[in-house]
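Everything on this sheet refers to the single structure shown next.
The values are calculated or read from the model by the stated rules, or taken from the named source; none is laboratory data. Keep in mind that what you see is a predicted model, and the values were worked out from it rather than measured. Positions of Cβ are generated from backbone atoms using ideal geometry, with glycine treated the same way; all protein chains shown enter the neighbour counts.
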Amino acid sequence: MILQIETATTSCSVALSANGEVLAYKEINERNMHAEVITIYINDLIKQQNASYNDIDAIAVSCGPGSYTGLRIGVSTAKGLCFALDKPLIAINTLEAMASGVANKNEVEADTLLCPMIDARRMEVYTAVYKTDGTLVKTTAAEIITVESFTDLLQDNKVLFFGDGAAKCIDVLGQNANALFNIDFENSARDITQLAQQKFTNKQFEDVAYFEPYYLKDFIAGKKSS
């Protein structure tokens with residue numbers, strides 16, 4: 001049984017899975033709620049399964065990129081549980097988990113490219129591009145979106161833009177007929193499931209003592225983090 005934690009955006013989400021299947025989940029999409037509810041949600045899920053903390057085999061956490069504050073809370077919670085329970089830590093790239101979640105819903109054509117976007121203020125987003133089978137097409141980056149963004153990919157491919165950074169890009173990218181948008185997508189710990197199971201099976205664990213979130217950009221003091 002794997003405990004899964006997602007706090008990289010305004011969504012605070014936890015899930016329990018076993019053998020690549022979600023057993024239960026609990027989540028809320030509301031700014032600045034992570035610290036208040038995350039441990040309560042975890043405890044509630046374990047009780048729902050009539051399980052104990054010792055029944056957890058690993059903790060998987062969405063490790064970024066994303067909100068500085070959200071990532072700190074999620075990773076700190078995951079590491080604390082790993083230390084207390086002597087369980088392994090699994091780190092999942094947030095953008096990869098988002099793409100996995102969309103692909104597993106089978107709502108897009110197989111040849112459509114997936115472009116998760118996390119809001120990074122103004123016209124900047126944290127983004128990457130994947131095929132529906134999980135193959136990485138464009139590596140994770142912080143990008144300022146302009147009319148020239150993704151023109152090489154949009155020339156010959158349909159690209160689905162989704163996540164909390166996608167809505168602000170519609171006016172800039174939406175003139176291209178190959179640009180598709182899903183602005184209702186919300187990050188969820190459920191989307192970590194398949195990737196976490198693969199890493200657990202392959203014993204791809206992190207060093208709990210030294211692991212840090214993947215912030216992508218340095219924190220700028222004096223500016224309110226998302």
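For the reader, a short list of remarks on this structure follows.
- Among all residues of region 45-52, there is none that is assigned to a loop (DSSP other than H, G, I, E, B), of a type in the set (D, E, K, R) and out of contact with any strand residue (DSSP E or B) (no Cβ under 7 Å at 6 or more places or on another chain).
- From I59, I5, I46, residue being out of contact with any His (no Cβ under 7 Å at 6 or more places or on another chain) and more than 21 Å from Y215 (Cβ to Cβ): I46
- On inspection, Q204 passes the criterion of being modelled with pLDDT of 95 or more, under 26 Å from I38 (Cα atoms), of a type in the set (S, T, N, Q) and surrounded by fewer than 16 Cβ atoms within 10 Å (Cβ to Cβ).
- When we screen A99, A18, A51 for residues that are surrounded by 20 or more Cβ atoms within 10 Å (Cβ to Cβ), aliphatic (A, V, I, L, M) and touching a residue at least 12 places away in the same chain (Cβ under 8 Å), the only hit is A99.
- Selection within region 53-70 - within 20 Å of the chain's Cα centre (by Cα), over 16 Å from D191 (Cβ atoms) and part of a helix (DSSP H, G or I): Y68, T69
- Considering region 94-200, the qualifying helices (runs of 4 or more DSSP H), each wholly inside and each with 2 or more residues that are in contact with a Ser or Thr (Cβ under 6 Å, 6 or more places away or on another chain), run over 94-104.
- Contact map, region 126-151: residues that are under 15 Å from T112 (Cβ atoms) paired with residues that are in a loop (DSSP other than H, G, I, E, B), Cβ distance under 7 Å, separation 6+ or inter-chain. Pairs shown: T132/V108; T132/A110; T132/T112; V137/K131.
- Selection status of G163, without any contact (Cβ under 8 Å) to a residue 12 or more places away in the chain and of a type outside the set (S, T, N, Q): no
- Residues of region 125-153 that are crowded, with 16+ Cβ neighbours inside 10 Å and β-branched (V, I, T): V125, T127, V129, T132, T140, I145.
- Enumeration of residues in region 129-162 that are acidic (D, E) and within 16 Å of A179 (Cα to Cα): E148, D152, D156
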